[in-house]
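Derivation of every value follows stated rules applied to the coordinates shown; laboratory data play no part. All values reported here derive from a predicted model rather than from experimental measurement. Note: ideal-geometry Cβ built from the backbone for every residue, glycine included; neighbour counts use all protein chains shown.
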Ligand SMILES: Nc1ncnc2c1ncn2[C@@H]1O[C@H](COP(=O)(O)OP(=O)(O)O)[C@@H](O)[C@H]1O
Ligand SMILES: [Mg+2]
């Protein structure tokens with residue numbers, strides 16, 4: 001009885017994983033295919049990756065993506081940490097909703113409203129506008145991660161630090177910050193990943209010369225799904241997986257209190 | 001060294017402390033004892049500086065502490081859950097207060113080692129708190145709180161998370177440690193046994209007020225109220241009316257039981273006709289099938305209502321009159337079969353006139 005149920009569970013979860021990862025697998029496989037068409041397997045090659053590194057537009061897009069992700073993640077880490085601490089300390093009803101709304105809101109809404117805002121404020125569309133836009137939806141992830149960490153932190157630790165002679169600032173820098181660090185890092189990694197992968201919000205807020213990798217891929221796909229697209233998609237996938245794994249490791253350690 | 005004058009504190013509408021006065025001497029092991037919720041932690045947090053009183057003064061060696069932040073008070077706390085910093089090693093935890101005080105690095109090392117030796121954990125310097133047992137964490141928390149030599153050490157139910165064996169051992173260590181370092185301890189507990197074992201003086205608290213402040217033996221033998229008598233140890237409380245009294249003795253009529261004579265503690269005065277409570281500790285009552293009443297003893301007859309075998313002693317509840325039970329203890333020291341009674345047996349109980357203590361109830 002229980003065994004039978006276990007087998008069904010295995011079967012279902014395998015099916016789900018196949019459904020989730022088969023399309024990605026196909027992209028990866030064809031990125032190594034020695035043919036211009038995504039039709040049949042001809043032979044193994046790395047030449048599409050070579051093409052990628054000769055494509056100046058692609059390289060510019062990659063540089064933009066990294067720049068945007070780094071800046072957005074860094075600023076979101078700072079603001080998100082403050083928001084997360086405020087959310088767990090002040091217990092204001094509205095604050096979590098305000099911080100998390102951009103996370104839950106449809107990207108297209110966020111994109112359109114930011115576009116309108118930038119136009120109203122006369123902010124020219126470019127790297128800066130994209131970074132500002134990405135920060136808005138990244139803050140929530142850092143805030144959530146930091147809030148969870150705050151929740152598992154014992155308030156008496158701060159009191160103990162004060163009791164033993166630490167000023168409020170010393171208690172923050174010596175106790176609170178190190179204990180929150182895994183949460184902040186995990187949140188920042190998540191933010192970096194989301195920024196690198198974002199298409200919709202970037203689409204609305206980017207201008208000439210601030211194209212990112214997802215935008216670049218989209219513009220290429222409009223013509224044809226070339227093996228070069230497969231190659232850059234594979235690279236993007238690897239980076240994303242790496243960062244997500246790293247983030248979850250930080251969170252796990254954070255929860256066990258071993259960092 | 002510490003003087004607390006008229007401290008009151010409200011949380012919303014709830015009065016947590018209602019005018020507390022205390023005077024604690026240098027080098028004293030002082031305990032705040034009371035049931036959960038009576039305001040012990042609130043008072044301790046005020047001394048530490050985490051809570052401000054609504055009114056009243058806290059004078060430490062003559063200086064008013066109210067308004068001084070915790071880090072500037074020469075007072076350290078051992079928290080109930082230890083509050084060791086999880087991301088620091090034991091040595092780093094103990095070094096923390098010294099670093100905050102900008103002590104030289106090489107002096108810090110020496111003092112940390114000394115502190116570890118004092119709590120008998122010399123080789124745990126590199127361990128993280130997560131790798132320590134409850135008793136070890138307790139010792140490290142105490143070492144950390146003592147390393148800077150505070151004028152006053154506050155301990156909030158520090159042993160409550162330990163098992164019974166460990167607790168007893170830690171009690172002995174605490175007594176010895178306090179003697180060694182000579183620092184004033186203010187100890188909070190709801191465990192009356194712990195308070196009696198550790199303290200020089202105890203303040204029994206009830207609902208935000210101090211019910212009685214005395215030395216342990218005084219508190220145990222001469223409780224001043226029904227609450228204190230009940231809270232500290234097992235106690236028989238018999239209602240009575242005074243029929244006659246002089247400076248040293250009172251003759252009472254125990255309601256439904258009969259007349260009895262008690263000697264009066266110096267602080268107690270009663271007048272004829274006054275209603276009062278006679279407190280009698282179970283271990284001070286003699287119980288046998290046939291008692292030969294001694295001089296100065298009163299004896300009554302009763303029936304065994306319940307027996308409770310506790311290993312070292314057996315508790316007998318003796319019904320003296322309809323619905324009036326008296327608890328008596330008998331040590332199970334020998335194999336005297338004649339000393340064992342069964343439910344329903346007729347027995348006699350007796351106590352010395354100085355065994356009981358009188359509480360004048362208004
Ligand atoms: N910050 C606070 N806000 C509201 N009520 C509190 C607060 N701190 C303590 N109390 C209340 O004050 C009373 C006394 O608390 P406490 O001093 O912790 O008691 P004890 O340590 O004797 O168990 C309790 O009823 C508690 O609920
Ligand atoms: Mg308490």
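The calculated FRET efficiency for the pair residue A:56 and residue A:113, based on their C-beta separation and a Förster distance of 35 Å, comes to about 0.55.
For the peptides B:294-307, A:229-242, the ranking by mean Cβ contacts within 10 Å, running from highest to lowest, is A:229-242, B:294-307. With both labels modelled 7 Å from their Cα along Cα-to-Cβ, the residue B:123 to residue A:17 distance reads 4.6 nm.
Shielding of peptide A:152-162 by partners, expressed as the average count of other chain Cβ atoms within 10 Å per residue Cβ, is 6. Inter-label distance, residue B:165 to residue A:78: 5.6 nm, where each label sits 7 Å from its Cα along the C-beta direction. Computed from the C-beta positions of residue A:24 and residue B:149 and an R0 of 56 Å, the FRET efficiency is 0.30 to the nearest 0.05.
In units of the compact-protein estimate 2.2 N^0.38 Å, the stretch B:182-259 shows a Cα radius of gyration of 1.37. Largest GNM mean-square fluctuation among B:136, B:234, B:322, using chain B with Cα springs under 10 Å: B:322.
Its relative contact order, with pairs defined as Cα atoms under 8 Å and 6+ residues apart, puts the stretch B:234-360 at 31 percent.
Using just the alpha carbons, could you tell me how many Å³ per residue the convex hull of the stretch A:111-192 encloses? Mind dumping the intermediate values first?
Working: hull volume 9.6 nm³, N = 82.
Taking only Cα atoms, the stretch A:111-192 has a hull volume of 117 Å³ per residue.
Relative contact order of chain B: 15 percent, from C-alpha pairs under 8 Å at least 6 residues apart in sequence. For the stretch B:147-305, report the translational diffusion coefficient in µm²/s to the nearest whole number, using Stokes-Einstein at 25 °C, 0.890 mPa s, and a Kirkwood Rh over Cα pairs. Once the numbers are plugged in, D ends up at 131 µm²/s. In terms of overall dimensions, the stretch A:72-142 has a Cα radius of gyration and Dmax of 13.0, 37 angstrom. Angle between the Cα long axis of helix B:134-146 and the longest principal axis of chain B, 0 to 90 degrees, nearest 10? Approximately 60 degrees, to the nearest ten. Taking the empirical scaling 2.2 N^0.38 Å for compact globular proteins as reference, the stretch A:191-257 has a Cα radius of gyration ratio of 1.39.
Take the Cβ atoms of residue A:238 and residue A:45, set R0 to 22 Å, and the FRET efficiency comes out at 0.75.
Ignore the peptide's own chain and count Cβ atoms of other chains within 10 Å of each Cβ in A:92-99; give me the average, rounded.
0
Counting only DSSP beta bridges whose two residues both lie in the protein assembly as shown, roughly 80 percent are antiparallel.
Based on Cα contacts under 8 Å between residues 6+ apart, chain A shows a relative contact order of 30 percent.
With Rg and the Kirkwood Rh both taken from Cα atoms, where does Rg over Rh land for chain A?
Details: Rg = 22.1 Å, Rh = 20.9 Å.
Reported Rg/Rh (Cα atoms, Kirkwood Rh): 1.06.
Restricted to Cα atoms, the stretch B:1-145 shows a radius of gyration and a Dmax of 17.4, 52 angstrom. Taking label positions 7 Å along the Cα-Cβ direction at both residue B:181 and residue B:52, the computed distance is 3.0 nm, reported to one decimal.
Averaged over residues, the count of other Cβ atoms within 10 Å places the peptides A:138-151, A:164-177, B:193-206 in the sequence A:138-151, B:193-206, A:164-177, highest first. Which stretch or stretches of the stretch B:159-184 have amide N atoms under 18 Å from the point lying 7 Å from residue B:200's Cα along the Cα→Cβ direction? Hits in the stretch B:159-184 for residue B:200 at 18 Å: B:172-184. With Cα atoms as the point set, the radius of gyration and Dmax of the stretch B:116-159 evaluate to 10.8, 31 Å.
Distance between the C-alpha centers of the stretch B:69-90 and the stretch B:176-220? Whole Å please. Taking the Cα centre of the stretch B:176-220 as reference, the centre of the stretch B:69-90 is 22 Å away. Percent of Cα pairs in the stretch B:234-360 per distance bin of 10 Å, from zero to the largest separation: 13, 44, 30, 11, 1.
Going 7 Å from the Cα of residue A:123 in the Cα-to-Cβ direction, what parts of the stretch A:29-72 have a backbone nitrogen less than 15 Å from that spot? Only A:68-69, A:71-72 pass the distance filter. Eigenvalues of the alpha-carbon gyration tensor of the stretch B:82-222, scaled by 5 and square-rooted, set the equivalent ellipsoid semi-axes at 30, 16, 13 angstrom, largest first. Scoring A:211-224, A:89-102 by mean Cβ neighbours within 10 Å over their residues and listing the highest first yields A:211-224, A:89-102. Taken over the protein assembly as shown, the ratio of Cα radius of gyration to 2.2 N^0.38 Å equals 1.45.
With a 10 Å cut-off around each Cβ of B:77-83, the average count of Cβ atoms from other chains is 5.
The slack in the chain from residue B:218 to residue B:295, taken as 0.36 nm per residue of separation less the alpha-carbon distance, amounts to 25.2 nm. Reducing the stretch A:193-210 and the stretch A:26-102 to their Cα centroids gives an inter-centroid distance of 10 Å.
Where the centroid of each part is defined by its Cα atoms, how far is the stretch B:20-51 from the stretch B:300-362 in Å? Between the Cα centres of the stretch B:20-51 and the stretch B:300-362 lies a distance of 37 Å. Working note: Debye formula, equal point scatterers on the alpha-carbon atoms of the stretch A:134-259, no solvent; log10 I(q)/I(0) at q = 0.18, 0.19 Å⁻¹ is -0.96, -1.02.
The long axis of helix B:105-118 is offset from the longest Cα principal axis of chain B by roughly 20 degrees. Once the Kirkwood radius over Cα pairs is known for chain B, the Stokes-Einstein relation at 4 °C and 1.567 mPa s delivers a diffusion coefficient of 56 µm²/s.
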